[in-house]
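Student: The structure under discussion is supplied below as structure tokens; questions concerning it will follow.
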Amino acid sequence: MISSNRAYVWIWLPGQTSPVVAGLVERDDQDRYRFAYGRRYLAREDAISLYPDELPCCSHRRQRHVRMTNHGFPSISLTA
């Protein structure tokens, strides 16, 4: 369980031996979640989308922020 209202999202990129921070997910006071890819992550040549249908990153660089409800939250690893 995450006790804070935000958590970093890490990803293991193909061919890499250690994870990198992909972005940050935050919960608002109405229990809605907002994810934003990090600028450093988006600048990487090997960056990939965490969930292409809902969280596009690389081919749709204008759509970096996606609002999600608890019911539509994709399965990703979160660390506080």
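Student: How long is the gain from R6 to D46 if the chain were fully straight, where each residue apart is worth 0.36 nm and the alpha carbon distance is subtracted?
Tutor: On the way: separation 40, 0.36 × 40 = 14.40 nm, distance 2.51 nm.
Length gained, R6 through D46: 11.9 nm.
Student: For G23, which sequence-distant residues (separation of 5 or more, or a different chain) have an amide H within less than 5 Å of its own amide H, given hydrogens modelled in the peptide plane?
Tutor: Placed amide hydrogens put V9, G38 under 5 Å from G23.
Here, each number is a calculation from the coordinates, and none is a lab measurement. Model, not experiment: these values are computed from the prediction.
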